[in-house]
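Each remark here refers to the structure printed beneath this line.
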Amino acid sequence: MVLSMDRWIGKVAVVTGASSGIGVAIAEQLVEHGLKVVALARRKVRMDVLAVKLIGKKGKLYPIKTDITKEEDILNAFQWIKENLGPVHILVNNAGAGTPSTLIDGDTETWKTILQVNVMGLCMATREAIKDMKANNVDGHIIHINSILGHQVWPLPTLSVYPASKFAVTALAETLRLELNSLKSKIKITNLSPGAVDTEMVPSEFKKLIRGDPNLILEPDQIADGVIYALSTPSHVQIQELTIRPIHDFI
C-alpha cells in the first residue's frame, strides 16, 4: 500500500481543540504537509503564536476563536472557511473536556460541559463538515480523536462521565460510517483512540502513578503521526479504527 499526503496539498483541514496538546501537534503536521489548516479553539492567543511559528512551512495555519459548545461559533467558523478558503476536505474532531469529577457527588455543570464538548460539539462540527463536502463533491475525511476510555473504563475514581462521552464517540463513528455507506459516499471516517498522552487533560492521580515512565505515556506527536497515516491511505482504503497506546499501558 502506497502512503502519500500529496492529494491533500493545498486543501482545507479543520482541527478543533487546536490550542494545546494533540490538537497543536496535528495542526503542525498538517501545515508541514502543505494544507491550509483552520485551527478552532477558545484560546486564540495560543493559536496565533502557533501560526507565527509555522510561517514558512508548506501550508498555513488560520486561527479562529471558537467555543465548540456553541453552535453559533461553529456555524460562523464554517461560514468563514467557505467565504475565505474554499471547500473543507478534512475535519479532525480533537476538542475534548475531562474535568475530574465523580458520579456520586459530581457537579451537574461539569457533566454538561464534558458531554457538550465531547459529544455535541463533535456532532455539530461533523455535520457542518460533511454538509460542505457533499455540496462540493469532496471525498473528504473525518477523524474523531477518541480515547482508550471509549472502549474500556479504567479504575480511576474521578473519571465521572468522561468514559461515557467517549463510548458515545465510538458509537457515533460507526453510525456515521453506516450512514455514509448507505449513501455510497466516499467520505471516510476514522475513529482514533489514544491511550494515555502527555497533555493538560491527564489526571494528576494518573501522573503520580506513571512516575515519569516513558513506557506508560505517549507524546502528542505520536498521535498526530497516526492521523497522518490514516490520511495517507489510498482513496479506497479506510482506517476505520486505530488504537495507539503505550507499550506498557495502565491496564
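Mind pulling the angle between the C-alpha long axis of helix 162-182 and the longest principal axis of the chain? Nearest 10 degrees, somewhere in 0 to 90. For helix 162-182, the angle is close to 30 degrees. Placing unit charges on the Cβ atoms only, positive for Lys and Arg and negative for Asp and Glu, gives the chain a dipole magnitude near 660 debye about its Cα centre.
Which listed residue (234, 142, 116) has the Cα farthest towards the positive end of the charge dipole for region 6-244, taking +1 on Lys and Arg C-beta and -1 on Asp and Glu C-beta about the Cα centre? After comparing all options, I get 234. Of the residues 34, 106, 96, the one that moves most in a GNM of the chain with alpha-carbon contacts below 10 Å is 106.
Roughly how tilted is helix 21-32, in degrees to the nearest 10 and between 0 and 90, from the longest Cα axis of the chain? Roughly 20 degrees between the two axes.
Rounded to the nearest 5, what is the percent of antiparallel bridges among the DSSP beta bridges in the chain?
0 percent
Lys and Arg at +1, Asp and Glu at -1: add these up for the other residues within a Cβ distance under 10 Å of residue 28 and post the number.
Numbers: positive: 53, 57; negative: 32, 221.
Around residue 28, the surrounding residues sum to 0.
Pairs spanning more than 31 Å between alpha-carbon atoms, out of 53/186; 44/131; 36/166: 53/186. Near the amide H of residue 190, within less than 5 Å, lie the amide hydrogens of 142, 143, 144, all on another chain or at least 5 residues away, with H placed in the peptide plane.
Protection proxy ranking of 7-19, 36-48, by the mean of other Cβ atoms within 10 Å over each peptide's residues and highest first, is 7-19, 36-48.
When +1 charges are put on Lys and Arg Cβ atoms and -1 charges on Asp and Glu Cβ atoms, the dipole computed for region 50-169 relative to its Cα centre reaches about 580 debye. Note on residue 67 and residue 4: the model spin-label points, each 7 Å out from Cα along the C-beta direction, lie 4.5 nm apart.
In straight-distance terms, cross-link reach from residue 60 covers every one of the aspartates and glutamates whose alpha-carbon lies under 20 Å from its own, apart from those fewer than eight places away in the same chain; here that gives 6, 28, 32, 48, 83, 221, 225.
Each reported figure results from applying straightforward, stated rules to the coordinates on display, with no laboratory input. This is a predicted model, so every value here is computed, not measured. Ideal geometry is used to build each Cβ from the backbone, glycine not excepted, and the neighbour counts take in all protein chains shown.
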